[in-house]
Amino acid sequence: MDTSLILVLLLSPFVGFLFNVFLGKKAGKSIVGIMGTLSVVVSFAVTIYFFLQINQTKQAIEINLFDWISTQRFNINLAFF
């Protein structure tokens, strides 16, 4: 669940940007404003959720997305802390 929330956190402003760039003139000013604000509010809400989770558990959240470089003795993951 945390992996999908991290992706929502990162991609919601980008989706709002793409919507406003490609459909902004067709949608109208009010829809563009709502979409831009909503994308930032969603990202902020997920950030607050993670903050409260860290505040309760007193431990950092680690989410590994995938292994970037992996050898026998050396491993680099693409992860969020």
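Suppose R0 equals 30 Å; then what is the FRET efficiency for residue 69 and residue 40 from their Cβ-Cβ distance, rounded to the nearest 0.05?
0.35
Per-atom-type breakdown for the chain gives carbon and sulfur 68% of the accessible area (1.4 Å probe, protein chains only). Rounded to the nearest Å, what's the spacing between the alpha carbon centres of region 45-81 and region 1-35? Just the number, please. With region 45-81 and region 1-35 each reduced to a Cα centre, they are spaced 24 Å.
What the Cα atoms of region 30-81 give is an Rg and a Dmax of 16.9, 55 Å.
Quick one: Cα convex hull volume of region 8-60, Å³ per residue? Walk me through the intermediate numbers first.
Numbers: hull volume 2.5 nm³, N = 53.
Roughly 48 Å³ of hull volume per residue.
The values are calculated or read from the model by the stated rules, or taken from the named source; none is laboratory data. On a predicted model such as this, the values are computed, not experimentally measured, just so you know. Virtual Cβ from ideal backbone geometry, glycine too; neighbours counted across all protein chains shown. Please note that ligands, DNA and RNA were not included when accessible areas were found on the heavy atoms of the full protein model with its side chains. Shrake-Rupley method; radii C 1.70, N 1.55, O 1.52, S 1.80 Å.
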